[in-house]
Amino acid sequence: MSVLSFVLPIIIILVLLAVAISIILFFIGEIIAEFTTDAPFVPVPKEIVGDIVDILELEEDSCLYDLGCGDGRVLFSAVKKYPSIRAVGVDIAFEPYFIAKFRARNFKNVKIKREDIFKTDMHDATHIFLYLYPQVISNLILNIKKQCKSGTRIVTCDFEIKENKPVKIVALNKSSSVRGKKLFVYIV
């Protein structure tokens, strides 16, 4: 019996063990991140997505950002209605990012980024959609105002921007859920 026939199975086992441990640690990190991010993955109800796209008032040359985009349902609905817009979704959590990224493979004008929404470069945004907790929105709004051009349209779902007065409030009665009851529109 040669040394190689004895050592080779041990090396293979060690490599497989290292790969398995790496995968387990990756998913443990993702689970921890899921519970420590500023906004958990809670999608807007499907029945109000069309209303959100309408209230955004997109135009053919618009650039829509969805910060905390989740599975990207607002972006994809917007791109289907306005095929020439650019749409950018940002989410830091792996699961919703992966779902949105997978769905974006069929859309050349949709970009999904996995990054911190507080560090996102959104200077080219003409429209922004937010479905985030009020405190997250409050922390984010200064960055939005700093980066975005005057006239940028912001639509939030369910939660107001406390520091600003909305130019429009739309009551929605389509969802049987407690979510998706109001849209708030702001202009930077």
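Output the residue which, of all residues in the range 83-105 that are within 9 Å of the chain's Cα centre (by Cα) and open to solvent by less than 60 Å² (accessible area, probe 1.4 Å), is farthest from F118 (Cα to Cα). Spell out how you get there, then give the answer.
So in the range 83-105, the residues within 9 Å of the chain's Cα centre (by Cα) come out as 88-93, 96-97, 100.
After this cut, where a residue has to be open to solvent by less than 60 Å² (accessible area, probe 1.4 Å) as well, the list is 88-91, 93, 96-97, 100.
On the way: V88: 15, G89: 13, V90: 10, D91: 11, A93: 14, P96: 18, Y97: 16, A100: 19 Å.
This residue is A100.
Residue by residue through the range 115-136, note down the ones that are over 22 Å from V79 (Cα atoms) and either open to solvent by 60 Å² or more (accessible area, probe 1.4 Å) or in contact with a helix residue (DSSP H, G or I) (Cβ under 9 Å, 6 or more places away or on another chain) (or both).
F118, K119, Y133, Q135, V136, listed by residue number.
Residues in the range 140-175 that are more than 28 Å from D116 (Cβ to Cβ) and either within 20 Å of the chain's Cα centre (by Cα) or in contact (Cβ under 8 Å) with a residue 40 or more places away in the chain (or both): how many?
Qualifying residue count for the region: 5.
If the requirement is being touching a helix residue (DSSP H, G or I) at 6+ places or on another chain (Cβ under 6 Å), over 22 Å from P166 (Cβ atoms), of a type outside the set (S, T, N, Q) and not in a loop (DSSP other than H, G, I, E, B), which of these qualifies: I112, I99?
Values: I99 fails: touching a helix residue (DSSP H, G or I) at 6+ places or on another chain (Cβ under 6 Å).
Matching residue, one of I112, I99: I112.
List pairs: first in the range 38-57 and surrounded by 18 or more Cβ atoms within 10 Å (Cβ to Cβ) and at pLDDT 90 or above, second outside any helix (DSSP H, G or I) and among the small types (G, A, S), Cβ under 7 Å, 6+ apart or cross-chain?
I48/S175; I48/G180
Which ones in the range 130-188 are among the aliphatic types (A, V, I, L, M) and part of a helix (DSSP H, G or I)?
First, the residues of the range 130-188 that are among the aliphatic types (A, V, I, L, M): 130, 132, 136-137, 140-142, 144, 154-155, 161, 167, 169-172, 178, 183, 185, 187-188.
Result: V136, I137, L140, I141, L142, I144.
The values are calculated or read from the model by the stated rules, or taken from the named source; none is laboratory data. As the structure is a computational prediction, the values presented were derived from the model and not from experiment. No Cβ is skipped: glycine too gets one built from the backbone with ideal geometry, and neighbour counts run over all protein chains shown. Protein only, heavy atoms only, side chains kept; ligands, DNA and RNA dropped before computing areas. Shrake-Rupley method; radii C 1.70, N 1.55, O 1.52, S 1.80 Å.
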